[in-house]
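What follows draws every value from the coordinates through simple rules; no lab data is involved. Please read these numbers as outputs of a predicted model, since none were measured by experiment. Cβ atoms come from the backbone with ideal geometry, glycine included; neighbour counts cover every protein chain shown.
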Amino acid sequence: MRRAALTRSTLARQLVWAGSLLVSAAAQAQFGGGIGVESDNRFRGVSLTDGRPDLRLSLSYDHDSGAFAGAAATRVEFMRGRHALQLLGYAGYVTRLTPGLGAELGVTSSTFSGNTRYDYSEVFAGVSNERWSLRGYYAPRYFGFDQATVYVELGANAALTPRLRAFGHAGALMTLGGMAGEDGGRTRNDLRVGLGFGAAAAVDVQLAWVTATRGGPYVVEYGTRRSTLVLSALASF
């Protein structure tokens, strides 16, 4: 397994749509980027755009040593009618444990222009191969709230044809202190399953069903459906 492929899966997971693993020919380049659109910006099952579409720009760099870094920008809406720009940066290191298994360690940091009270950072670690991944994240102040969280996610994908694949993602966000969720619980579970289609050499289209429970910290101040279909497309360069 190429280190670049492992790193690219991290980039796709962080910057485009959580839960799907996108490993393409673009992963072989040291510098990369993407322009993505999606019908709803669902982060860990929760809409950050009030159920409306968003545009996402991303850049990445992979070094032969296993070090990687990148950044992305997208619009979010924590309160109805009040928009902010999310700037996400990340950096880390990926290494090969066996010919088919890699491990990674890194950090992400998000800042929100116009509403910096939601700024937060996470450290993450995980293992992955070309078909599945298991990762854990820790945030000392999740979305700026005075509470620490742990998020654990499991993702998998399987090729159905040379261009078509099925993917799935399951995650659990656990509050270590502070506020509970709307239902009084301190854990929110999310699920994403769908199909991905390589429409061209550097274009990927996905249709996913996304759902989440009401537990755990809820960062938005409006109500959206807990379950929805999300259509998205990513052009890589």
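How many angstrom lie between the Cα centre of segment 195-220 and the Cα centre of segment 91-122?
19
Give, as ranges by residue number, the residues of segment 44-69 whose backbone N falls under 19 Å from the point 7 Å along Cα→Cβ of Arg75.
Under 19 Å, as judged by backbone N against the label point of Arg75, lie 47-58 of segment 44-69.
Can you work out the FRET efficiency for the pair Leu85 and Arg141, with r the C-beta to C-beta distance and R0 = 22 Å, to the nearest 0.05?
0.65
Please report Leu173, Leu85 as a ranked list, fewest other C-beta atoms within 10 angstrom at the top and most at the bottom.
Fewest to most other Cβ atoms nearby, the residues stand as Leu85, Leu173.
Using a Förster distance of 41 Å, how high is the FRET efficiency between Leu154 and Ser113, based on the Cβ-Cβ distance and rounded to 0.05?
With a Förster radius of 41 Å, E is 0.80.
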